[in-house]
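A short worksheet on the structure shown next.
The values are calculated or read from the model by the stated rules, or taken from the named source; none is laboratory data. In this text the structure is predicted, and so the values were computed from the model without any measurement. Cβ atoms come from the backbone with ideal geometry, glycine included; neighbour counts cover every protein chain shown. For accessibility, only protein heavy atoms count, side chains too; no ligands or nucleic acids. Shrake-Rupley method; radii C 1.70, N 1.55, O 1.52, S 1.80 Å.
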Amino acid sequence: MTIRVLHVASELYPLLKTGGLADVTAALPAALIEQGADARLLLPGFAGIADGLADLRPIARLERSFGAREASLELGRVPGSDLPVYMIRADSFYARPGNPYLDAEHVPYGDNAQRFALLGWTAAQLAQHIDRAWAPQIVQAHDWHAGLAPAYLRAAAREHGLPAGHAHARSVFTIHNLAYQGIFPAQQFGSLGLPADFFDMHGVEFYGQLSFLKAGLYFADKITTVSPTYAHEIQTVAQGGGLEALLRGRTHDLIGILNGVDYGVWNPATDETIAARYSADHMSGKLRCKTELQARLKLAQKHDAPLFGVVSRLTEQKGLDLLLAALPEIVSRGGQCVVLGTGDASLEQGFARAARQHPESVAVELGFDEALAHAIIAGADVIAVPSRFEPCGLTQMYALAYGALPLVHRVGGLADTVVDASLENLADALATGFVFERFEPDALTAAIRRAFALYARSRDWRDTRERAMRKDFGWAVSAQRYMALYRELV
Ligand code: ADP
Ligand code: GLC
């Protein structure tokens, strides 16, 4: 039996991306189709999405618009693929330039509750056959943006008098990041059209406010998150963001499924955006990528200087304050560091200052640049991901594929994907990078020193790098896990 699954999300690579979520929504439905599922996507019609989708045609008018001037449902596809994508056309909500969540001043839009309620509500409408040609058996909602989908499904089941435990579709809620909770003032609840009793501790209420994330966690039939370690961590007070009790209560419905790498996009042997192609068997191109990167960013042309790279949102989560403090360690040992990122002003300024102080060894590009991200991961010897917490993390897996050894804090998906170059792991041919345990300056510094020590032993470095490049984090395994979960549900 083919399982029909609708993925509900707010980003899609390459049309609209602020982080790893976009990479996942692009790759996972395709991987599920490979496994025999009938998978589709539902997205808000943000500018990049509405302009980028091919063959859009109207499906239905949406009878609720949550205050948008007009709202309708269209169906198109991702150019160059057959993945069907439903898009909500509500221009007064979504056709705004720039970031999908924040205005030009980086403040969340005042009508975000309604903008994303429309997304969740439309998902429930699709389960109720608003498209006569197709309806999902499973609705998989990603992050708080889609968190109300399971709540609207529950509300519809009740309204139609379905027996307890039944609904128009079963639901899965996927946590990509528990730190973004979609919290709104309680007064906004009235505009959502949900049953009044849903505003409850057993429902969407969270310390007197309205939480879209909690709605997803409470009403979904199953909860997944993007790595096994993060699935454990979020059940603790330290990392549960106030939702640990709810998550512990649902521990039997909660599973961690590691994200994958789309090797169609991230493969140094075929990547047309980098200076030269290379593979574990033919490595010479990597040096060219490094030389070009140094030239482009005006660093000293030293091919024997270990080059540390960062490609990241510059937020508290990513732990780059710790790396900024450790930069002197890298520079004084003769290493170089390249940072591509955008976010917190203090981090942007801190890295920019370091680049001014050490123009030969430190380079910083503030912004979001997909091609430069590839160039850095290809040209670097080490990719640093010192995150305080990391649900999965994709850059460290991309780094493995490109033979840039990841240097990571042992949390979340980082712990699940990188093996430290300790003596014993080197001896047993397990090491693929550098892992530090405590989120403390001395622990990071020790990992940096370990990277320099290994770099000086070129034979060990090459072996470790080759092992890293041969790791397979393809989507197939993860897609099979989701399929097993869907089968349990339908
Ligand atoms: P998160 O989703 O928390 O930001 P991930 O590691 O899962 O972290 O995914 C980050 C994705 O965003 C990767 O594809 C990475 O290459 C990309 N990325 C992050 N910052 C930038 C940037 N400044 N320019 C280009 N790509 C970036
Ligand atoms: C979130 C997380 C990141 C994860 C990504 C995709 O943005 O911060 O760790 O890899 O989602 O699941």
With each label point set 7 Å from Cα along the Cα-Cβ vector, what nm distance links Thr273 and His232? 3.4
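Tell me the mean residue ellipticity at 222 nm calculated for the chain from its helices only (DSSP H runs of n ≥ 4, each -39500 (n - 2.57), averaged over every residue, nearest 500).
-11000 deg cm²/dmol
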Can you bin segment 192-247 into rounded, prolate or oblate? Criterion: square roots of the alpha carbon gyration tensor eigenvalues sorted a ≥ b ≥ c, rounded for a/c under 1.5, prolate for a/b above b/c, oblate for the rest. prolate
Checked segment 93-156 against the a/c 1.5 cut and the a/b vs b/c comparison, axes a ≥ b ≥ c from its Cα gyration tensor; verdict prolate
Accessible area of Arg277 in the full protein assembly, 1.4 Å probe (Å², nearest 10): 90
For helix 148-159, report the angle its Cα long axis makes with the longest principal axis of the Cα atoms of the chain; keep it between 0 and 90° and round to the nearest 10°. 20
I need to check one value: relative contact order of the chain, counting alpha carbon pairs closer than 8 Å and at least 6 residues apart, in percent. 12
Candidate residues Met1, Met483, Met201: accessible-area rank, largest first, probe 1.4 Å: Met1, Met201, Met483
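Hey, can you rank 48-58, 375-385 by average C-beta count inside 10 Å, highest first? Don't skip to the end; give the middle numbers.
Details: 48-58: 15.5, 375-385: 27.0.
Per-residue mean Cβ counts within 10 Å order the peptides as 375-385, 48-58.
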At q = 0.14, 0.18 Å⁻¹, work out log10 I(q)/I(0) for segment 284-469 with the Debye formula, treating every Cα as an identical point scatterer and leaving solvent out; two decimals please. -0.67, -1.19
May I ask you to compute the full-extension gain from Gln480 to Ala95, defined as 0.36 nm times their residue separation minus their alpha-carbon distance, rounded to one decimal in nm? 135.0 nm
Please give the peptides 465-476, 3-14 ranked by average Cβ packing (other Cβ atoms within 10 Å per residue), highest first, as a rough proxy for protection. 3-14, 465-476
What's the lysine pair count for the chain at a Cα cut-off below 19 Å, pairs eight or more apart or interchain? 7
Amide H neighbours of Leu210 at under 5 Å, excluding residues fewer than 5 places away on the same chain, with H built from the backbone geometry, are Phe184, Ala186
Label points 7 Å out from Cα along the Cβ direction at Ser284 and Gln349: separation in nm? 4.8
Assuming a viscosity of 0.692 mPa s and a temperature of 37 °C, what translational diffusion coefficient in µm² per second does Stokes-Einstein assign to the chain, Rh being the Kirkwood radius over Cα pairs? 141
Under the Karplus relation with 6.51, -1.76 and 1.60 and θ = phi - 60°, whole-Hz ³J(HN,Hα) for segment 356-368, x at Gly and Pro, equal 5, 5, 10, x, 7, 10, 10, 10, 9, 10, 8, x, 10
Nearest 10 degrees, 0 to 90: helix 370-379 Cα axis against the chain principal axis: 30
Based on DSSP, what percent of beta bridges with both residues in the chain are antiparallel, to the nearest 5? 25
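Over segment 284-469, what percent of the accessible surface lies on carbon and sulfur atoms, probe 1.4 Å?
On the way: 3550 of 7160 Å².
Answer for segment 284-469 is 50 percent, counting heavy atoms of protein chains only.
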Quick one: Karplus J couplings for segment 29-40, per residue in order, coefficients 6.51, -1.76, 1.60, θ = phi - 60°, nearest Hz, x for Gly and Pro? x, 5, 5, 5, 4, 4, 8, x, 7, 9, 10, 9
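Roughly how many Å² is the accessible area per residue of the chain, as a whole number, for a 1.4 Å probe? Mind dumping the intermediate values first?
Numbers: 19620 Å² over 490 residues.
About 40 Å² of surface per residue is accessible.
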Taking Cα atoms, the helix 112-127 axis meets the longest principal axis of the chain at an angle in degrees (rounded to 10) of 70
